[in-house]
Amino acid sequence: MEIERKYLVAKENLPKDLHRHPHLEIEQAYLSNDPVVRIRKQDDSYYLTYKSKGLMVREEYNLPLTEQAYLHLREKADGIVLTKTRYQIPLLQKLTAELDVFHGKYQGLFLVEVEFESEEAAESFTPPDWFGEDVTFSSRYHNSTLAYI
């Protein structure tokens, strides 16, 4: 089960020390939008992911792929291939902000997600000042939506 909140971040509010935080280079594409079936290259690892419907709470299953399987499936993907750098920024209460800095078509888009252990924790979360508009309940900012517009 994935329980997460998602926020837009304005460029001027990005943490100044991003380069000091661990980060991943991500490339992902979608085989289906309903249900969501995604393939992802994350540095040198490859995954196939299924996500159920939902906004803040969704089922999510990740399966490992080989590079060869990933490349084969990428050719069958619909929409565009999304590319982004994901920075992992520690927050209070042992939480982590996963800040996605998009490249390509969505250069200039900055989204941050925080995953929680419970719905109660997600609902009581107070975001740091650098977070912007809460878009948790808008499917417009799901990566699966972005790949198709």
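Within segment 104-139, which residues are under 13 Å from the mean Cα position of the chain (by Cα) and either under 21 Å from residue 14 (Cβ atoms) or without any contact (Cβ under 8 Å) to a residue 60 or more places away in the chain (or both)?
109, 110, 111, 112, 113, 114, 115, 135, 136
If the requirement is being over 22 Å from residue 20 (Cβ atoms) and in contact with a helix residue (DSSP H, G or I) (Cβ under 6 Å, 6 or more places away or on another chain), which of these qualifies: 125, 137, 116? Spell out how you get there, then give the answer.
Working: 125 fails: in contact with a helix residue (DSSP H, G or I) (Cβ under 6 Å, 6 or more places away or on another chain); 137 fails: in contact with a helix residue (DSSP H, G or I) (Cβ under 6 Å, 6 or more places away or on another chain).
Checking each option against the conditions leaves just 116.
Can you give me the number of residues within segment 26-41 that are of a type in the set (S, T, N, Q) and within 10 Å of residue 147 (Cβ to Cβ)?
Result for segment 26-41: 2.
Considering only residues of segment 19-42 that are outside any strand (DSSP E or B) and more than 30 Å from residue 90 (Cβ to Cβ), which is most open to solvent (accessible area, probe 1.4 Å)?
34
Taking segment 87-125 as the search range and keeping residues that are farther than 28 Å from residue 29 by Cα and of a type in the set (A, V, I, L, M), which one is surrounded by the fewest Cβ atoms within 10 Å (Cβ to Cβ)?
Among those that are farther than 28 Å from residue 29 by Cα and of a type in the set (A, V, I, L, M), it is 92.
Taking the condition over 13 Å from the mean Cα position of the chain (by Cα) and either closer than 15 Å to residue 8 by Cα or open to solvent by 50 Å² or more (accessible area, probe 1.4 Å) (or both), does residue 84 pass? Let's see the steps before the verdict.
Numbers: over 13 Å from the mean Cα position of the chain (by Cα): no; either closer than 15 Å to residue 8 by Cα or open to solvent by 50 Å² or more (accessible area, probe 1.4 Å) (or both): yes.
When the stated conditions are applied, residue 84 does not pass them.
Checking the conditions here, which among 81, 101, 114 is within 12 Å of residue 4 (Cα to Cα) and of a type in the set (Val, Ile, Thr)? Before you say what the answer is, go through the steps one by one.
Details: 81 fails: within 12 Å of residue 4 (Cα to Cα); 101 fails: within 12 Å of residue 4 (Cα to Cα).
Step by step, each of 81, 101, 114 is checked, and only 114 is within 12 Å of residue 4 (Cα to Cα) and of a type in the set (Val, Ile, Thr).
In this structure, does residue 49 turn out to be in contact with a Ser or Thr (Cβ under 7 Å, 6 or more places away or on another chain), of a type in the set (S, T, N, Q) and surrounded by 14 or more Cβ atoms within 10 Å (Cβ to Cβ)?
no
The values are calculated or read from the model by the stated rules, or taken from the named source; none is laboratory data. Here the structure is a predicted model, which is why all the values come from computation and not from measurement. All Cβ positions, glycine included, derive from the backbone under ideal geometry; neighbour counts span all protein chains shown. When the accessible area is computed, the model is the full protein with side chains, heavy atoms only, and any ligands, DNA or RNA have been set aside. Shrake-Rupley method; radii C 1.70, N 1.55, O 1.52, S 1.80 Å.
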